[in-house]
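K.L.:
Pasting in a structure now, in structure tokens, and then I'll have a few things to ask.
The values are calculated or read from the model by the stated rules, or taken from the named source; none is laboratory data. In this text the structure is predicted, and so the values were computed from the model without any measurement. Cβ: placed from backbone, ideal geometry, glycine included. Neighbour counts: every protein chain shown. For the accessible areas, the whole protein counts, side chains as well, though only heavy atoms, and no ligand, DNA or RNA atoms are used. Shrake-Rupley method; radii C 1.70, N 1.55, O 1.52, S 1.80 Å.
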Amino acid sequence: MTPLQRTPAPDFLLQHWEEWGKLWQKKLVENPKASFPYPQVQGQGKEQIREQLFAMSAEHCAFCDALNAQETIEHFKPKKQFPLVAYQWENLYPCCGDCQGKNDRYSDALLRPDADDYSFRRYFILDFPTFELCPNPEAEASDQERAKITIELYRLNRPTAKKSRKLSWKNFRLLLAHDNNLDDLPFRYLADFIS
């Protein structure tokens, strides 16, 4: 996870998120299997939310930091468990289809990449032989637990993620040496390991 700087919420979302959350909660009471709606206000809706989220992350997944992946909107606090914050800007993250596999699993210990005190090295290390993300063994026990939960729920060590990190690492130094913008590369936190 690369630190994420959250931008201001789209105006239409800022004006309506609480109202929409109440309507979603009511809809769930009536039908627990209801599909999640993205209301539109003057042509503004899901697509504008998704675009702004991915612009905020330079087109990266907020959790695995993959680039150019299937672009989905992650509800950090799952929308069926926490319907009142389902439309709250701070609950929405740019996410790839693979990390979206978290589904309705949630823990208060999950790391937020836009938290003021978040940094990759505080919570994680990268095991280079396997390219597996691991909790930082030098971190406090509570931080190690948070990293472990985040790795597990977002499946950050799924085989495709490890393989992609390994392939990216092989080219990372070369690409940075040619003045490529870090935002043009997947797994930007790999730059922390280049000495």
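K.L.:
Find the accessible area per residue for the chain; the probe is 1.4 Å, ligands and nucleic acids are left out, and the unit is Å².
P.N.:
On a per-residue basis, 53 Å².
K.L.:
Under a 1.4 angstrom probe, counting protein chains only, how are CYS95, CYS134 ranked by accessible area, largest first?
P.N.:
CYS134, CYS95
K.L.:
Counting only Cα, what are the radius of gyration and maximum Cα-Cα distance Dmax of the range 46-192, in Å?
P.N.:
Spelled out, the Cα radius of gyration and Dmax of the range 46-192 are 15.2, 47 Å.
K.L.:
With Kirkwood's inverse mean 1/r over C-alpha pairs for Rh, give me the Rg to Rh ratio of the range 1-103, two decimals please. Before the final figure, lay out each step's value.
P.N.:
Working: Rg = 13.5 Å, Rh = 14.0 Å.
Looking at the range 1-103, the ratio lands at 0.96.
K.L.:
Ignoring everything but the protein chains, give the 1.4 Å probe accessible area of ARG146 in square angstrom, nearest 10.
P.N.:
70 Å²
K.L.:
Can you give me the % of accessible surface on the range 20-86 that is carbon or sulfur? Probe 1.4 Å, all protein chains present, nothing else counted.
P.N.:
Numbers: 1750 of 3510 Å².
Roughly 50 percent of what the probe reaches on the range 20-86 is carbon or sulfur.
K.L.:
Set the Förster distance to 35 Å, then compute FRET efficiency between PHE36 and GLU140 from the Cβ-Cβ distance, nearest 0.05.
P.N.:
Values: r = 36 Å, r/R0 = 1.04.
After rounding, the FRET efficiency stands at 0.45.
K.L.:
What dipole magnitude, in Debye to the nearest 20, does the chain give about its Cα centre under +1 on Lys/Arg Cβ and -1 on Asp/Glu Cβ?
P.N.:
Working: 26 positive and 28 negative charges, 152 e Å.
Once rounded to the nearest 20, the dipole reads 720 debye.
K.L.:
Rounded to two decimals, what is the ratio between the C-alpha radius of gyration of the range 47-88 and 2.2 N^0.38 Å?
P.N.:
Compared with the compact-globule rule of thumb, the range 47-88 sits at 1.22.
K.L.:
Which FRET efficiency value, to the nearest 0.05, do you get for GLN48 and GLU90 by plugging their Cβ-Cβ distance into 1/(1 + (r/R0)^6) with R0 = 22 Å?
P.N.:
Efficiency, rounded to the nearest 0.05: 0.85.
K.L.:
Put HIS75, HIS16 in order of accessible area, largest first, 1.4 Å probe: what do you get?
P.N.:
HIS16, HIS75
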